[in-house]
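Okay, so here's the structure we're looking at.
The values are calculated or read from the model by the stated rules, or taken from the named source; none is laboratory data. Please read these numbers as outputs of a predicted model, since none were measured by experiment. For neighbour counting, all protein chains shown are included, and Cβ atoms are generated from backbone atoms with ideal geometry for every residue, glycine included. Ligands, DNA and RNA are excluded from the accessible area calculation, which covers all protein heavy atoms including side chains. Shrake-Rupley method; radii C 1.70, N 1.55, O 1.52, S 1.80 Å.
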Amino acid sequence: MKINLESNFKLLGSHTIDSVDFDCARMPVRDFLKILSDLSTKSSEYLNDEGTELEGLFQVQVNGRTLAFSETGINTVLKDGDTVAIYSNAHDG
């Protein structure tokens, strides 16, 4: 499964990474964000400590739809070709 990426900061330590590939057909956004956090060159935590909601510094969209307005939120299931946009509300100067 290929997930396209967009952000207003360096994801995985680079401005040039525009997608990631996984060996599965579907994945909840929650798991996707945990994996991105683990792979990140900075210690970016996109979810709160309990893993139940987004950390306040980030806004996430799936295919242009903000998760905060989605009925399924971080449990939204990603599939091949989806686009995940992660925006930081704070900038690294």
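Provide the gained length on full extension for the span residue 5 to residue 50, in nm with one decimal, where the gain is 0.36 nm per separating residue minus the Cα-Cα distance. Here the segment from residue 5 to residue 50 would lengthen by 13.8 nm. Counting only protein heavy atoms and a 1.4 Å probe, the chain has 61 square angstrom of accessible area per residue. Taking amide H as placed 1.01 Å from N in the peptide plane, residue 7 has its amide H under 5 Å from the amide H of 86, each at least 5 places away in sequence or on another chain.
Peptide packing: for 46-57, 1-12, the average count of neighbouring Cβ atoms within 10 Å per residue gives the ranking 1-12, 46-57, highest mean first. In order along the range 75-84, phi translates into HN-Hα couplings of 8, 4, 8, 8, 9, 3, x, 5, 10, 10 Hz, rounded to whole numbers, per the Karplus curve 6.51 cos²θ - 1.76 cosθ + 1.60 with θ = phi - 60° and x for Gly and Pro. What a 1.4 Å probe finds exposed on the range 30-84 is 46% carbon and sulfur by accessible area, rounded to a whole percent.
What is the calculated FRET efficiency for residue 69 to residue 14, with r their C-beta to C-beta distance and R₀ = 35 Å, to the nearest 0.05? Calculated value: 0.75. Under a 5 Å amide H cut-off, with hydrogens placed 1.01 Å from N, residue 58 pairs with 89 among residues at least 5 apart or on other chains. Working note: Cα gyration tensor of the chain, eigenvalues times five, square-rooted, sorted largest first, giving semi-axes of 18, 16, 13 Å. Its DSSP H runs of at least 4 residues, each contributing -39,500 (n - 2.57), put the calculated 222 nm mean residue ellipticity of the chain at -3500 deg cm²/dmol, to the nearest 500.
Here the relative contact order of the chain, from alpha carbon pairs under 8 Å that lie six or more residues apart, stands at 40 percent. Candidate cross-link partners of residue 2 among the aspartates and glutamates, defined by an alpha-carbon separation under 12 Å and a same-chain spacing of 8 or more, comprise 18, 21, 23, 80, 82.
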